[in-house]
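First the structure, then my questions, so here it is.
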Amino acid sequence: MTKDEAAAALREIGTILELQGENPFKCRAYHAAARTLETAPADLGELVRSGRLGELPGIGEALREKITTLVITGQLPYLEKLRASIPPGLLALLDIPGLGPKKLKVLREKLKIESREALEKACRDGRLAALEGFGEKTASNLLEAIARRAAYGKLHRLGDALPVARDLLAQLRKCRAVQKAEIGGSLRRGKEVVKDLDLIVSSSRPTEVMKAFTTAPQVEKVVARGETKSSVLLAGGLPCDLRVVPA
């Protein structure tokens with residue numbers, strides 16, 4: 001199992017725990033551990049075999065045991081149990097720009113939203129807009145994001161997506177705030193087809209990085225912009241997410 005795959009598993013655990021209202025510190029620990037694995041200088045398998053996994057920052061005994069199980073078996077019963085505890089399709093809603101775990105948790109509790117169809121209906125009938133902290137603008141933005149996902153949800157060949165990603169990385173590296181920039185997700189794992197691009201940047205000045213990303217010439221439309229994560233559409237409708245991790 002690669003570092004990216006193990007990190008994705010830890011991030012999924014953290015996200016599901018957030019949706020279930022688990023202790024915020026516990027949720028953040030999984031997300032932080034995922035970032036640590038992504039930026040670890042050594043091969044994950046070697047770290048496990050040599051017993052040095054626990055030397056990584058933020059990797060305590062419980063996390064070390066889970067990561068070791070992932071690397072050795074390729075599976076994690078704890079994650080499978082968490083997946084079984086939530087409705088199918090719930091996590092897919094988090095692919096919609098502008099909808100994070102905190103907002104989705106509220107929508108699930110207040111409006112029983114657990115599917116894209118239910119979300120779209122709540123946006124159209126005014127129930128979502130009536131919720132405190134949401135409003136008509138949020139409902140409108142979510143409807144637009146749902147429509148874009150439907151329009152641009154096609155798969156892109158590796159040979160087409162990789163040059164685009166490399167070109168954008170070269171552009172980002174011109175920003176002085178960028179200390180390290182690399183490809184992540186399914187593209188990094190060499191999947192034959194991908195739904196979108198995932199880029200990871202190490203920086204202590206995320207605001208400058210986000211400005212460079214969202215104003216890059218390759219960007220056709222900014223879908224969502226946050227402090228450490230932003231989503232855009234590139235030429236040809238290729239979605240791209242950028243996440244900034246501490247340097």
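Read the figures in this text as sums done on the coordinates, not as results from a lab. None of these values were measured; they are calculated from a predicted model. Reconstructed Cβ throughout: ideal geometry from the backbone, glycine too, with neighbour counts over all protein chains shown.
Would you grab the residues whose amide H sits under 5 Å from the one on Leu197? Only those 5+ places off in sequence or on another chain, please, with H modelled 1.01 Å from N.
Cys240, Asp241
Still on this structure, please answer the following. Please work out, to two decimal places, the log10 of the ratio I(q)/I(0) at q = 0.18, 0.22 Å⁻¹ from a Debye calculation in which every Cα of the range 140-247 carries one identical scatterer.
-0.84, -1.20
Tell me the mean residue ellipticity at 222 nm calculated for the chain from its helices only (DSSP H runs of n ≥ 4, each -39500 (n - 2.57), averaged over every residue, nearest 500).
Values: 11 runs with 128 residues, N = 247.
Result for the chain, helices only: -16000 deg cm²/dmol.
Just want the ordering: Glu61, Glu220, from fewest to most Cβ atoms lying within 10 Å of their own Cβ. Intermediate results must be reported in sequence, preceding the final value.
Details: Glu61 8, Glu220 12.
Least crowded to most crowded, the residues run Glu61, Glu220.
Right, here's the next one. Cα centroids of the range 31-76 and the range 157-206: how far apart, whole angstrom?
First find each Cα centre; the distance between them is then 23 Å.
With volume of the Cα convex hull per residue in Å³ defined as stated, name the option among [x] 130; [y] 112; [z] 143 computed from the structure displayed.
Checking each listed value against the structure points to [x].
Using the count of nearby Cβ atoms within 10 Å as a rough guide to exposure, how do Phe25, Phe213, Phe134 rank from fewest to most? Please list the in-between numbers first.
Numbers: Phe25 7, Phe213 28, Phe134 20.
Ordered from fewest to most neighbouring Cβ atoms within 10 Å, Phe25, Phe213, Phe134 come out as Phe25, Phe134, Phe213.
Right, another one. Can you sort Met210, Met1 by how many other beta carbons sit within 10 Å, fewest first?
Numbers: Met210 23, Met1 18.
If I rank by nearby Cβ atoms, fewest first, I get Met1, Met210.
For Lys81, list the lysines whose Cα falls under 29 Å from its own Cα; do not include residues on the same chain fewer than 8 positions away.
Those lysines meeting the cut-off are Lys3, Lys26, Lys66, Lys102, Lys103, Lys105, Lys110, Lys112, Lys191, Lys195, Lys229.
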